[in-house]
Amino acid sequence: MYSAPKAIETRPPWRLRLLLAAHWLVAALPWLFIASMAAWAWRASQSIGHWPVPLDDDPKFIAMGDGIYDWLGGLVNTMITVVFFSLFTLPATAALTWRDLRPELRYGLLAFYALGLLMIPLDPFGLFAWIVD
């Protein structure tokens with residue numbers, strides 16, 4: 001007897017939602033890194049009374065002993081590593097979700113990520129220069 005062909009294998013909905021959430025998170029990582037740098041600079045400005053100036057205000061010695069400042073500094077250092085590894089994970093998540101996203105969303109997320117990466121070295125607010133001085 002003839003059996004019906006098997007249906008095309010699709011991902012379970014929960015797995016697809018998890019992949020899409022991972023793809024969105026990875027695409028937002030450069031922007032989250034910029035936000036963490038801004039939060040760290042804001043906390044430093046609370047201690048020194050003005051926005052930190054690159055090559056004048058050393059991030060290591062601004063607010064010694066301030067737990068929130070130290071935690072934000074650790075967050076920024078962690079985010080640097082995470083953004084570096086996102087250069088490898090974004091292509092993986094994009095490939096896994098490529099056929100499940102509409103083209104405008106597919107390319108929009110890649111553009112969102114690329115623009116965030118571009119904003120880090122352009123450094124319009126002097127945050128990255130202050131941190132790496």
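Derivation of every value follows stated rules applied to the coordinates shown; laboratory data play no part. Since we're looking at a predicted model, the values are computed, not measured. Every residue, glycine as well, gets a Cβ built from its backbone with ideal geometry; the counts of neighbours run over all protein chains shown.
Miscellaneous remarks
- Burial ordering of Ser86, Ser45, fewest other beta-carbon atoms within 10 Å first: Ser45, Ser86
- For segment 14-132, the gyration tensor built on C-alpha atoms gives a prolate shape. Its axis ratio a/c (a ≥ b ≥ c) is at least 1.5, and a/b is the larger of a/b and b/c.
- The residues Trp14, Trp40, when put in order of fewest to most other Cβ atoms within 10 Å, stand as Trp14, Trp40.
- In order along segment 86-97, phi translates into HN-Hα couplings of 5, 4, 9, 7, 5, x, 5, 5, 5, 5, 6, 10 Hz, rounded to whole numbers, per the Karplus curve 6.51 cos²θ - 1.76 cosθ + 1.60 with θ = phi - 60° and x for Gly and Pro.
- Cα-based helix-to-principal-axis angle, 13-48 vs the chain, degrees rounded to 10: 10
- Total charge dipole magnitude, segment 14-132, about the Cα centre, Cβ charges on Lys, Arg, Asp, Glu only, Debye to nearest 20: 700
- Loop-located trypsin sites (Lys or Arg not before Pro) in segment 12-93, at most 16 other Cβ atoms within 10 Å (DSSP): Lys60
- Length-normalised contact order of segment 14-132 in % [C-alpha pairs under 8 Å, at least 6 apart]: 45
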